[in-house]
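Following: one structure in structure tokens, then a few remarks.
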């Protein structure tokens, strides 16, 4: 089966991008992974407008990536804070991969200290966190040349 015969409407990457494929969405997720949960804090830290933030948060909640939990500060109206669901937490390797790619290829981020602006470290041992691609048997995959893409169901050729 040739890749060009595959119907990309059923592509998992495309389905993922339908949920998280916008710049502001990824930045909101970055905030959530770093413990920023409240609308005003996200807005102020990311620099996104209220309408865009509301829209992206609504989409992430609808998709099951975030959950909205009510909270109320004394003397204030009830508001929501946004927390990652298990589905959202599954995006952690994606976020680490984006961070590492930016560290390596982002350009202009080195402040002269010889390293990237942020470190993500394993809480237990202090070593840098990295995203690893490997097969189910645990063999590391360092290049697409070491893998093959095929359709799981040979009965789903591309619609003509």
Residue 74, sole failed condition from (1) in a loop (DSSP other than H, G, I, E, B); (2) within 30 Å of residue 58 (Cβ to Cβ); (3) modelled with pLDDT of 95 or more: (3)
Every residue in region 77-91 that is in a loop (DSSP other than H, G, I, E, B), in contact with a strand residue (DSSP E or B) (Cβ under 6 Å, 6 or more places away or on another chain) and within 20 Å of residue 24 (Cβ to Cβ), please. 85
Among the residues of region 1-54, count how many are within 16 Å of the chain's Cα centre (by Cα), under 28 Å from residue 121 (Cβ atoms) and not in a helix (DSSP H, G or I). 4
Some residue of region 97-112 being in a loop (DSSP other than H, G, I, E, B), modelled with pLDDT under 90 and touching a strand residue (DSSP E or B) at 6+ places or on another chain (Cβ under 9 Å): no
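Being in contact (Cβ under 8 Å) with a residue 40 or more places away in the chain and surrounded by fewer than 17 Cβ atoms within 10 Å (Cβ to Cβ): is that true of residue 38 here?
So residue 38 fits the description; yes.
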Exactly one of 94, 61 is in contact with a strand residue (DSSP E or B) (Cβ under 6 Å, 6 or more places away or on another chain) and part of a helix (DSSP H, G or I), and that one is 61
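The values are calculated or read from the model by the stated rules, or taken from the named source; none is laboratory data. All of these numbers come straight from a predicted model, not from anything done at the bench. For neighbour counting, all protein chains shown are included, and Cβ atoms are generated from backbone atoms with ideal geometry for every residue, glycine included.
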